[in-house]
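Heads up: the structure comes next, in structure tokens.
The values are calculated or read from the model by the stated rules, or taken from the named source; none is laboratory data. Small disclaimer: the values here were computed from a predicted structure and weren't measured. Glycine gets a Cβ as well: all are built from the backbone with ideal geometry, and neighbour counts include every protein chain shown.
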Amino acid sequence: MTAQHTDGWLVVRIRDGDFEALGELYKKYKALVYRTALAITRDERAAEDILQDVFLRVHTYADRLDETVALEPWLYRVTINSAYTWANRVKRWFYLLQDTLDHLVMSPQLYPEATVEEQEWRQMIQQAIDALSPNHRVVIILHYLEGLSLKEIAYVADIPKGTVKSRLHYARKKLRKTILEQERRLAPEVAYDFT
């Protein structure tokens with residue numbers, strides 16, 4: 001049984017008042033929704049609230065969901081919209097990839113120099129991502145953090161595939177430029193002549 005077929009059957013069961021079906025969908029997609037909400041809000045409590053809100057919407061709007069269409073893109077769309085609503089309401093943006101990058105940091109006791117360097121890189125990348133517009137941030141998150149294809153991002157963000165390509169191109173270009181500028185500030189060329 002395909003995931004789409006299983007999801008559709010669960011949606012039909014939810015329409016009939018079966019809360020166990022909602023629980024099954026929750027178990028299946030809670031990590032995806034939470035991870036996406038956390039990447040956008042950078043706030044664990046907000047991500048937990050959004051997670052609950054998304055599945056409350058699944059229950060509330062089950063009669064409007066098309067059981068023949070995959071549920072995952074709809075969940076992404078609702079999660080992203082809820083996360084941006086939260087971010088606009090509290091008017092703050094957090095670092096989007098901090099948790100993802102934290103697992104890359106080596107143990108400070110074993111390699112202190114590498115840890116400091118890694119922390120500098122992480123900070124540089126976080127600042128570069130923070131400098132992106134919300135439209136560019138969302139395609140970066142969905143493509144690189146969530147691993148969605150261009151077609152999936154287009155569906156989730158409700159924009160043409162060409163717009164996704166364009167936003168990814170300009171977001172990468174802006175990230176590259178910002179990171180190079182930050183590198184130059186952190187390590188200006190040494191003007192010493194040792195001859």
Residue by residue through the range 66-82, note down the ones that are of a type in the set (A, V, I, L, M), closer than 17 Å to residue 24 by Cα and crowded, with 19+ Cβ neighbours inside 10 Å. 71, 75
Filter the range 3-42 down to residues that are of a type in the set (Gly, Ala, Ser) and part of a helix (DSSP H, G or I) and give me whichever is nearest to residue 83 (Cα to Cα). 37
Of all residues in the range 149-164 being of a type in the set (Gly, Ala, Ser) and surrounded by fewer than 16 Cβ atoms within 10 Å (Cβ to Cβ), the one that is farthest from residue 136 (Cα to Cα): 149
Of the listed residues (31, 47), the one being surrounded by fewer than 19 Cβ atoms within 10 Å (Cβ to Cβ), modelled with pLDDT of 90 or more and among the hydrophobic types (A, V, I, L, M, F, W, C) is 31
Tell me, which residue of the range 91-150 that is among the acidic types (Asp, Glu) and out of contact with any Ser or Thr (no Cβ under 9 Å at 6 or more places or on another chain) is modelled with the lowest pLDDT? 99
Filter result for the condition that a residue is in a helix (DSSP H, G or I), in contact (Cβ under 8 Å) with a residue 24 or more places away in the chain and either of a type in the set (S, T, N, Q) or not assigned by TED's automatic domain parsing to the domain that holds residue 73 (or both), over 142, 132: 142
So the check is Cβ under 6 Å with 6+ separation or different chains; which pairs have a first residue in the range 44-71 that's in the same structural domain as residue 82 (by TED's automatic domain parsing) and within 20 Å of residue 18 (Cβ to Cβ) and a second one that's among the charged types (D, E, K, R) and not in a loop (DSSP other than H, G, I, E, B)? 62/15; 63/15; 71/7
Subset of the range 145-170 (residues that are assigned to a loop (DSSP other than H, G, I, E, B) and under 12 Å from the mean Cα position of the chain (by Cα)): 146, 147, 148
Tally the residues that are exposed (fewer than 15 other Cβ atoms within 10 Å of the Cβ) and in a loop (DSSP other than H, G, I, E, B), restricting the search to the range 50-65. 1
Consider the range 21-45. How many of its residues are under 20 Å from residue 157 (Cβ atoms) and not polar (S, T, N, Q)? 10
